[in-house]
Each structure stands twice: as structure tokens, then as C-alpha cells.
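Peer 1: Following this message is one structure expressed as C-alpha cells.
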Amino acid sequence: MSTTSSGVRFSIRPAGRAWFWSAVRDGAVLGEGLAGSRAIAAAFVIRQICRACDEETAGEIAPVANAA
């Protein structure tokens, strides 16, 4: 497993003809599953990392005003 700066540990490994992916933070599984390609598995991992970062910084980032 690899670890991001936000503390999310992730893994992508072959599982027969598919790829198994998982993302874990503080012992809690954020998501896991099978994907048809390594690239799709990576996309699922990135989505979970982004969700974890969004939860961590919720309320800390001021919304950007519409420039219209």
C-alpha cells in the first residue's frame, strides 16, 4: 500500500483479469472494488482520496464568488 499526505492508504493490484483497488484512512475502508483496467482502478482511488480531502477541509475553504 502507498500513503498520501492526507493519510489515505491505497492499493491497486491484479485480480485475475481485473484490478482490485482499495482506499483506507485511519483503519476505515473508504472504498474498494474491482475494475476492468488499471486506469479505471486508479480513477476510483483518486475519487476516494479527493472525497477524504474534501471531508477533511470542509468549512475551511471559502467559496469562490462567480466572476460573471
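Peer 1: Just checking, does region 39-60 include any residue being assigned to a helix (DSSP H, G or I), among the small types (Gly, Ala, Ser) and at pLDDT below 85?
Peer 2: Yes, region 39-60 has at least one match.
Peer 1: Can you run down the residue pairs with Cβ atoms below 6 Å, 6 or more apart or on separate chains, where the first is in region 22-41 and free of Cβ contacts under 8 Å to residues at least 60 places away in the same chain and within 16 Å of Ser2 (Cα to Cα) and the partner is among the charged types (D, E, K, R) and assigned to a strand (DSSP E or B)?
Peer 2: Ser22/Glu32; Val24/Arg9
Peer 1: Of all residues in region 1-38, how many are at pLDDT 90 or above and outside any strand (DSSP E or B)?
Peer 2: Residues flagged as at pLDDT 90 or above and outside any strand (DSSP E or B) within region 1-38 amount to 5.
The values are calculated or read from the model by the stated rules, or taken from the named source; none is laboratory data. These numbers were taken from a predicted model, which means no experiment stands behind them. Here the Cβ is made from the backbone with ideal geometry for all residues, glycine too, and neighbour counts use every protein chain on show.
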